[in-house]
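Below is one structure; the comments refer to it alone.
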Amino acid sequence: MVKVGTRVLTAPDGALDQHRIEHLAAELNGVIESGRRVVLVSSGAVGAGMSQLGLAKRPTNLAKLQAVAAVGQARLIQKYDREFTRHGRHAAQILLTAGDLHDRASYLNVRNTIHSLLEYGAVPVINENDTVAVDELMTTFGDNDHLAALVTNLIRAPLLVILSDVNGLYDGDPNAAGSRVISTVKEIDAQLQSLVFDQTAGVGKGGMASKLKAAKMVVSSGESVIIAPGRREGVLAGILAGEEIGTLILPTGKTASPRKRWLRFSVQPQGRLILDAGARRAIEQRGCSLLAIGVLDSKGEFSKGDLVSLVDDSGNEFARGLTNFTAQEIRRIKGLKTAEIAAALGHLPYDEVIHRDNLAVIP
């Protein structure tokens, strides 16, 4: 799995760097020739659109920004396909919104499509569908680092390589003379996150903070992440050869099942359940189901089968799961023993508020 950012694909003036895409396609082809499968998450649609339309600045108006992205996406995928064709391959465009990965059936369909494309020898080129994705409708991923992490978990790729405009994660300000790239990270903790220095200028939306957040999603599911310099020649070949390039972030969790990954990261919570300390311990430490007696309160309106966040009495989210009861029903049975639910509701549809098979603890 490879993700390439806007700043890697564009020149200083914001225009699409044609030569960079040529080199990237050649490198990706080399990875495929080594017997591996490659899926690419590529930014650059807005930058390509700005170049095509002769714009010097990224639009701030949503409709204009989406129009620029629509023009640029056509240009971007055309360039990728042309370059992969030189190597006897084809680029396959996949445009996603968060809603596509929220719905279970759609989630599985996206996964099956990607696997089928790989069987055909095509290179899936994935980007957010900027033309229709808007924050107000909760259909946006926020940035392509997040999208890349979701797709990595979707297809259970063993490695995500994030090609960035910096050499990796530094132990200080990247612009300071004494700062050095951290070669290996064993855990993404508060101390590590304090080292992050983001740059907000330019046309890209991501930064090192978003890369670490995305990396945490991947490594907590049992896979590895490398943040590497995207403009370095032969960067992917060097990584495959075992060279120490960029920052390697090692897995911190056991390999998670596809369903657990979907529950943890892809579904949008429709509400919250506030649990007592005993319920949290039972879920986190013993892998138990959630019973009504451990529920302190319910927030939001949701239906049976919706995904809800599980938080402690301080508001800290520690798990997510698919509820067997509506929000209204939970407000009536919260704090009750299982044997008391029938008297409160008139029937006992389930013993558990959330069964452990439908629960996923968030690392």
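The values are calculated or read from the model by the stated rules, or taken from the named source; none is laboratory data. The structure presented is a predicted model; accordingly, all values stated were derived computationally and were not measured. Because the Cβ atoms are built from the backbone with ideal geometry, glycine has one as well, and the counts that use them run over all protein chains shown.
Whether any residue in the range 286-306 is among the aliphatic types (A, V, I, L, M) and under 17 Å from Val267 (Cα atoms) is what I want to check. No; the residues of the range 286-306 include none that is among the aliphatic types (A, V, I, L, M) and under 17 Å from Val267 (Cα atoms).
The residue list Asp313, Asp351 contains one member that is exposed (fewer than 13 other Cβ atoms within 10 Å of the Cβ), within 30 Å of Lys254 (Cβ to Cβ) and among the charged types (D, E, K, R), which is Asp313. Can you find even one residue in the range 313-330 that is part of a loop (DSSP other than H, G, I, E, B), among the charged types (D, E, K, R) and more than 25 Å from the chain's Cα centre (by Cα)? Yes, that holds for at least one residue.
Hey, could you check the range 262-304 for residues that are among the β-branched types (Val, Ile, Thr) and part of a helix (DSSP H, G or I) and say which is farthest from the chain's Cα centre (by Cα)? This residue is Ile293. Of all residues in the range 6-19, one or more are within 16 Å of Gln93 (Cβ to Cβ) and either in contact with a Pro (Cβ under 9 Å, 6 or more places away or on another chain) or buried (at least 24 other Cβ atoms within 10 Å of the Cβ) (or both). Quick check on Thr184: is it under 18 Å from Gly238 (Cβ atoms) and of a type outside the set (D, E, K, R)? So Thr184 fits the description; yes. Per this entry, Val151 is counted among residues that are crowded, with 23+ Cβ neighbours inside 10 Å, among the aliphatic types (A, V, I, L, M) and at pLDDT 95 or above. Exactly one residue out of Lys334, Lys299 is more than 25 Å from Arg261 (Cα to Cα) and without any contact (Cβ under 8 Å) to a residue 60 or more places away in the chain: that is Lys334.
Here's the yes/no breakdown for (1) out of contact with any Ser or Thr (no Cβ under 7 Å at 6 or more places or on another chain); (2) crowded, with 24+ Cβ neighbours inside 10 Å; (3) without any contact (Cβ under 8 Å) to a residue 60 or more places away in the chain; (4) under 23 Å from Pro124 (Cα atoms):
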site: Val41; (1), (2), (3), (4): yes, yes, no, yes
site: Ala56; (1), (2), (3), (4): yes, no, yes, no
site: Asn61; (1), (2), (3), (4): yes, no, yes, no
site: Gly72; (1), (2), (3), (4): yes, no, yes, yes
site: Thr85; (1), (2), (3), (4): yes, no, yes, yes
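In the range 198-227, what count of residues is obtained for those that are out of contact with any strand residue (DSSP E or B) (no Cβ under 6 Å at 6 or more places or on another chain) and modelled with pLDDT of 85 or more? Residues in the range 198-227 being out of contact with any strand residue (DSSP E or B) (no Cβ under 6 Å at 6 or more places or on another chain) and modelled with pLDDT of 85 or more: 12 in total.
Results for (1) touching a residue at least 12 places away in the same chain (Cβ under 8 Å); (2) buried (at least 20 other Cβ atoms within 10 Å of the Cβ), shown as yes or no for each residue.
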position	(1), (2)
Ser210	yes, yes
Ala214	yes, yes
Ile226	yes, yes
Pro229	yes, no
Val235	yes, yes
Gly242	no, no
Gly253	yes, no
Ala277	yes, no
Arg281	no, no
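Quick check, is Ile354 under 16 Å from Ile274 (Cβ atoms) and at pLDDT below 95? So Ile354 does not fit the description; no. Total residues in the range 143-165 satisfying the condition of being in a loop (DSSP other than H, G, I, E, B) and in contact with a helix residue (DSSP H, G or I) (Cβ under 7 Å, 6 or more places away or on another chain): the figure is 3. Just one residue in the set Leu96, Leu101 is buried (at least 19 other Cβ atoms within 10 Å of the Cβ) and either touching an Asp or Glu at 6+ places or on another chain (Cβ under 7 Å) or without any contact (Cβ under 8 Å) to a residue 12 or more places away in the chain (or both); that residue is Leu96.
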